[in-house]
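Read the structure below first, then the notes.
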Amino acid sequence: MKKFMFLALLAGAILSCNSGNEEKTSTTVDEPSTSFLPPLMGWSSWNTYHVNINEELIKRQADAMVSQGLKDVGYLYINTDDGFFGWRDETGLMHTHPDRFPNGMKPVADHIHSLGLKAGIYSDAGTNTCGSMGDNDVRGIGSGLYGHEQQDMDLYLKEWGFDFIKIDYCGASELGLDEHQRYAEIVDAIHKTGRTDVSINICRWAYPGAWAAELARSWRMSGDIQDGWSYVKSIIGESLYLSSFAHDGHYNDMDMLEIGRSLTQSEEEVHFGIWCIMSSPLLIGCDMTTIRESSLNLLKNKELIAINQDKLGLQAYVAQRFGDCYAFVKDIEELHGNKRAMALYNPTEQPFEFTVDWKTMELGGDVKVRDLVHQKDLGTFNGSFTYTVEPHGVLVASIEGQRLETDVYEAEWAYLPFYNEIGTRRQMINFLPEETASGGMMVTNIGGQPGNDIVWKNVYSEQGGDYEMTVYCNSKFKRNEKTRDLHVLVNDVEQAVVNNLHSDEIEAIKVKVALQPGFNKVTMNNTIFWAPDIDRFTLKKL
Ligand code: GAL
């Protein structure tokens, strides 16, 4: 049963008596700054070599990055992953592996730097490294950062001169430490080395929470990738709703690339194309000295790299779901501009014919489509676009038309400040699959405490003014619940409160809100009790 309510609560009143709150109501939300670093590009030793690495091998890969033309298109980092550890002496000082790195790590970093590249290294937040567990590398026992934070960071970053560090969590899992606190301690030690230019990667194998963006340039959001299609597919599946957590130069890390190994050409295109549109770091994981031509060309595809390194630093979101197939989109070059990047992704075993209504992509008029993988124009299409994507395939395209003001904002596109995937909160705000919801997804467990909000950071209005907002939500009572109220804020100012919601199905709640011209921040919450589960909201200009 659908219940319609019209509640223009507070909106008018608040807007007309906001003089005491000038600051918040008179300004729109700032456009995201563009003065940040793009996703990191480079190579890492792990995928092909695991702990079986050595000085010559790393130096040869650095040479190959230059000679294969990869440096010229933006690949910059040569990262030594797990496997270089030797032993700690009586002062706690770390020594390198006697056979693999008999001359220490400084000559390795020096060689990399001599090529105009940057050098990356690896450690663990706990006592033991992952290699000591998964790869029987006994040298990793006691080689983690725990208890040696400053000593190790001074050695790796100041003395040896490494520019990037990936910090794993195997040893810290054993110790039962708090992730946020543990990574903050290590980052503090990094800052105390005096190096301010070190890039940090958190490797906790799941989206760790909003704090990760305060400490690191990127964070892993999945378990380890391996050389196989099922890994590529499952990591993309885990990335679908994480777009809002990548912002301002801080990125979800979908793990290192398996391109140049055993994937088919079309699977490699999915792997690289989706990593690019998702603004994941791009770390090559194959042997660059023997890489086949087709894989090398894909890794050097400048048009795909451009959407990865785009100055807006955005991760694509699911604009539309077609069963198991997805259409992703993101702004490039200019926020709310006429040009966007789109991916039509078919992970199934059958060809799939997509028909995308351009309105869903927020574009109107004649829309120019360019296939970025094959670097060819596909033509100009009006109204909608039909395209068949092969099994395990993708079309990654730039689309350019006339930008429309969208009237739909899905819950699964929103920023959830309290969300994490490491299970540190009970009854945490979460994504809830729901067949009757648009896109098949809702957000549940909103509210119950201050800060546990759902936030759309970039709600756009060309002119500003009054809008009818329709919130599609479900207010099924949870156990012991007395009431479900929804608070709606625009640019941090409360616009409407809807009390005593109770419906087992998705219902449409109407409120009136005022938007400023340009970008607005829309927040929904309840600082005491649960707010309803939210599917989406729509806007209609009044
Ligand atoms: C895993 C990590 C891998 C690799 C490995 C080294 O925990 O996710 O990417 O670094 O450890 O042992």
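Read-outs throughout are calculated quantities, based only on the coordinates presented, and are distinct from any laboratory measurement. On a predicted model such as this, the values are computed, not experimentally measured, just so you know. Ideal geometry is used to build each Cβ from the backbone, glycine not excepted, and the neighbour counts take in all protein chains shown.
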Loop trypsin sites (Lys or Arg not before Pro), the stretch 345-453 (other Cβ atoms within 10 Å of the site Cβ: 15 or fewer; DSSP): Arg425, Arg426
Contour minus Cα-Cα span, Ser234 to Phe529, at 0.36 nm per residue, comes to 102.7 nm
Per-residue HN-Hα couplings for the stretch 137-150 [Karplus 6.51, -1.76, 1.60; θ = phi - 60°; Hz; x = Gly/Pro]: 8, 4, 5, x, 6, x, 9, x, 7, 4, x, 10, 3, 5
Dividing the Cα convex hull volume of the chain by residue count, how many Å³ per residue is that? 156
In degrees, nearest 10, the alpha-carbon axis of helix 55-67 is tilted away from the dominant principal axis of the alpha carbons of the chain by 60
For the stretch 313-327, in residue order, the Karplus 3J(HN,Hα) values (coefficients 6.51, -1.76, 1.60; θ = phi - 60°; whole Hz; Gly and Pro = x) are x, 8, 9, 5, 10, 7, 7, 7, 10, 10, x, 8, 9, 9, 10
Which parts of the stretch 126-170 would a label at Trp87 reach, counting a residue when its backbone N lies under 12 Å from a point 7 Å out along Cα-to-Cβ? 139
Counting DSSP beta bridges in the chain, what percent are antiparallel, to the nearest 5? 75
Any idea what angle helix 179-192 forms with the longest principal axis of the chain, computed on alpha-carbon atoms, 0 to 90 degrees, nearest 10? 60
Amide H within-cut-off set for Ile259, under 5 Å, with H built and near neighbours excluded: Gly285
List the relative contact order of the chain as a percent without decimals, with contacts defined as Cα pairs under 8 Å and 6+ residues apart. 14
Checking a compactness column here: for the stretch 317-403, what do you get for Rg(Cα) / (2.2 N^0.38 Å), N being the number of residues? 1.01
Do any chymotrypsin sites (Phe, Trp or Tyr not before Pro) in the stretch 410-513 lie in a DSSP loop with no more than 14 other beta carbon atoms within 10 Å, and if so, which? Phe477
In degrees rounded to 10, the 0-90 angle between helix 229-239 Cα long axis and the longest Cα principal axis of the chain is 50
Can you tell me the length gained on complete extension of the stretch Lys540 to Lys158, counting 0.36 nm per residue apart and subtracting the Cα distance? 131.9 nm
When only C-alpha pairs under 8 Å and at least 6 residues apart count, what is the relative contact order of the stretch 24-308, in percent? 19
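Provide the three semi-axes, in whole Å and in decreasing order, of the ellipsoid equivalent to the stretch 408-541 as defined by the square roots of 5 times the Cα gyration tensor eigenvalues. List each step's numbers first, then the result.
Values: eigenvalues 104, 50, 42 Å².
After scaling each eigenvalue by five and taking roots: 23, 16, 15 Å.
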Just to be sure I follow the rule: in the stretch 408-541, considering lysines 8 or more places apart or on different chains, how many pairs have Cα atoms under 15 Å apart? 5
Relative to the Cα centre, what is the charge dipole magnitude of the stretch 315-418, using +1 at the beta carbon of each Lys and Arg, -1 at the beta carbon of each Asp and Glu, and rounding to the nearest 20 debye? 200
